[in-house]
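*Asks:* Following this message is one structure expressed as structure tokens.
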Amino acid sequence: MKKMNKSRNYKIAVIGGDGTGPEVVREALKVLAASSKKNGYKLDLTPFDFGGERFLKTGKVLSDKEMAGLKKFDAILLGAVGHPDVKPGILEKGLLLKARFGLEQYINLRPVKLYPGVWTPLKDKGPQDIDFVVVRENNEGLYVGEGSFKNKGKKNEVATQISRNTRKGVERCIRYAFELTRKRNKRKKLTLCGKTNVLTYAMDLWWRVFQEVAKEYPDVTADYAHVDATCMWMVKNPEWFDVIVTDNMFGDIITDLGAMIQGGMGIAAGGNINPEGVSMFEPIGGSAPKYTGKNVINPLAAICAGGMMMDSLGETKAAEEIEKAVMSVTQNKLKSLAAGKMGYSTTQVGDLVVKTLSSL
Ligand code: IPM
Ligand code: MN
């Protein structure tokens, strides 16, 4: 965690991106403007037009020079990437993954918290049961893109995809998770989510490093679950979890499950964190092209991402207030978190959060 910068003037790169990205980011910025006024910090915003539209016009996704430019910011707020006219993979790889890897955002932090008044598909579970954080490794594993085809297109074709796990990468992720578990100070339990019974190389490394680092955190219970069992428990007994640490691919999968039990993509936010560098915060829901420009998409995930960003910059009070305001809006105002069913428009939800925040 970076310390609050003395001037409390934060340089933020804003990438609205594709589809509904710009709409939800606008609401997040509205809330951050109110928060900065209330708390006395300043945001110096620089917009970037990276995304599908620009790619279609120029063929450019994110150049190395632009990547280097992003390093000068204190943080990045991202709306969404994904455009219906761009082949899947181009923007994801060229923008999102490029930034994650290039800025060494080695943690993907995903809180799974059911806010009051929010519907969950889990029967008989409430906000007291669903409150954990997934720490997903964000720079390695199957996402490194290593692999090959042999005899491509032939009957005897073989495709391999390698999961690359370095001790350094695994250790810094596990260490971050232990620190977070201690800092959260809730159940003080960290669950390693793996598959040691099958992935006898990759997960063996995770398992060994986890045991080693656990010795330095005697106050934290070091727990283990296979990824399939983790999915089962997330649905059956989510209250068992406090912090889950896992590799890139498993983390990708279980955090979508997490988003569903916390009320859906309308509320799910995430951070791509480089604890020593530039982090990037995003609603994890994607660009939702069919809702674009209709003023119906839920901006709360983007607003929560803005809150997480302020927390990472050391503005803890501001972050807590934003979360409180969102919780009050879910509890007292919104009929649903789904696009078009909130009982309010996108801009109205942003206004509601601002109003609540100002009255705190
Ligand atoms: C996520 C997304 C990305 C991922 C995609 C868009 C590449 O699903 O942030 O979870 O797989 O990491
Ligand atoms: Mn995902």
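*Asks:* Run the helix sum for the chain: -39,500 (n - 2.57) per DSSP H stretch of 4+ residues, divided by residue count, reported at 222 nm to the nearest 500 deg cm²/dmol.
*Replies:* -12000 deg cm²/dmol
*Asks:* Restricting attention to region 191-220, which chymotrypsin sites (Phe, Trp or Tyr not before Pro) occupy a DSSP loop and are surrounded by at most 10 other Cβ atoms within 10 Å? If you can, show how the numbers build up before the last one.
*Replies:* Working: sites: TYR201, TRP206, TRP207, PHE210; in loops: TYR201.
Here the chymotrypsin sites (Phe, Trp or Tyr not before Pro) that fit, given the DSSP loop and packing criteria, are TYR201.
*Asks:* Another question, if that's okay. Keeping all protein chains in place and using 1.4 angstrom, which order do ARG54, ARG187 fall into by accessible surface area, from largest down?
*Replies:* Largest accessible area first, the residues go ARG187, ARG54.
*Asks:* Scan around TYR224 for amide H atoms under 5 Å from its own, H built in the peptide plane at 1.01 Å from N, and keep only partners 5 or more places away or cross-chain.
*Replies:* For TYR224, the qualifying residues are LEU192.
*Asks:* How do GLU323, GLU66, GLU276 stack up against each other in accessible area, from largest to smallest, with a 1.4 angstrom probe?
*Replies:* Highest to lowest solvent-accessible surface, that is GLU276, GLU323, GLU66.
*Asks:* Take the Cβ-Cβ distance between TRP119 and MET67 as r, set R0 to 56 Å, and report the resulting FRET efficiency rounded to the nearest 0.05. Don't jump to the answer; show the numbers that get you there.
*Replies:* On the way: r = 40 Å, r/R0 = 0.71.
After rounding to 0.05, the efficiency reads 0.90.
*Asks:* Hey, if we sort HIS83, HIS226 by accessible area with the 1.4 Å probe, largest down, what's the order? Please list the in-between numbers first.
*Replies:* On the way: HIS83 30, HIS226 50 Å².
Accessible-area ranking of HIS83, HIS226, largest first: HIS226, HIS83.
*Asks:* Per the Debye formula with a single identical scatterer at each Cα and no solvent contribution, what log10 I(q)/I(0) holds for region 120-262 at q = 0.10, 0.14, 0.16 Å⁻¹?
*Replies:* Each listed q maps to, in turn, -0.37, -0.67, -0.83.
*Asks:* Would you kindly derive the ³J(HN,Hα) couplings of region 135-149 from the backbone phi angles with the Karplus curve 6.51 cos²θ - 1.76 cosθ + 1.60 (θ = phi - 60°), listing them in order in whole Hz, with x for Gly and Pro?
*Replies:* Each residue of region 135-149 in turn: 9, 9, 5, 10, 10, 9, x, 5, 7, 6, x, 8, x, 6, 9 Hz.
The values are calculated or read from the model by the stated rules, or taken from the named source; none is laboratory data. This one's a predicted model, so the numbers in the text were calculated from it and none came from an experiment. Every residue, glycine among them, receives a Cβ derived from its backbone with ideal geometry; neighbour counts consider all protein chains shown. For accessibility, only protein heavy atoms count, side chains too; no ligands or nucleic acids. Shrake-Rupley method; radii C 1.70, N 1.55, O 1.52, S 1.80 Å.
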